Amino acid sequence: MTFYPPTRDHARDTHPADAYHGAWALLEEREPRRAIALLDPAIDAEPDSASLRTLRAWAYFQSAQLQRAEAELTGLVEQCPTDVWARFALGRVLERQARYADALPHMRLAAVMSADAEHEAGVLRVERRLAESGAGSYDDLV
């Protein structure tokens, strides 16, 4: 059974749980702007919902709205410092902005917390890009 999210006109009347499921489906279909349109009213109704804000951060990232993604993810990491997904995603957003020194601590922490090979590969990638930028290493910057 396929879930079809409501149209933009009905987004304001959508229950936050329905907005979550609809936005998830849209993000899987690579429709981040439609997902954001669905999530914004739900987040207005439930501003402390980490799950809705996480999806909106993912949508911002998919649509290359990197400053908005960074702001959302920073808030999520401040709210829950052990959120591995938010921490790694924040690192990726900073990496996409070529802010390697800012990205590296988040990516290192996510890799340590998760022991995920993708997270470890991200750390190595950012360390390499940081070295290529002439900074040497993150440790040289602090």
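The values are calculated or read from the model by the stated rules, or taken from the named source; none is laboratory data. None of the values given here were measured: they were computed from a predicted structure. All Cβ positions, glycine included, derive from the backbone under ideal geometry; neighbour counts span all protein chains shown.
Structure data summary
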{"quantity": "Only one of Arg96, Arg87, Arg53, Arg92 that is under 30 Å from Tyr20 (Cβ atoms) and surrounded by fewer than 18 Cβ atoms within 10 Å (Cβ to Cβ)", "calculated": "Arg96"}
{"quantity": "Residue satisfying condition, being surrounded by fewer than 20 Cβ atoms within 10 Å (Cβ to Cβ), more than 24 Å from His15 (Cβ to Cβ) and assigned by TED's automatic domain parsing to the domain that holds His15, within set Arg30, Arg129", "calculated": "Arg30"}
{"quantity": "Selection count where residues are among the β-branched types (Val, Ile, Thr) and farther than 19 Å from Arg125 by Cα, scope segment 70-93", "calculated": "3"}
{"quantity": "Enumeration of residues in segment 56-83 that are surrounded by 18 or more Cβ atoms within 10 Å (Cβ to Cβ) and of a type in the set (Lys, Arg)", "calculated": "Arg56"}
{"quantity": "So Glu70, is it charged (D, E, K, R) and at pLDDT below 95", "calculated": "no"}
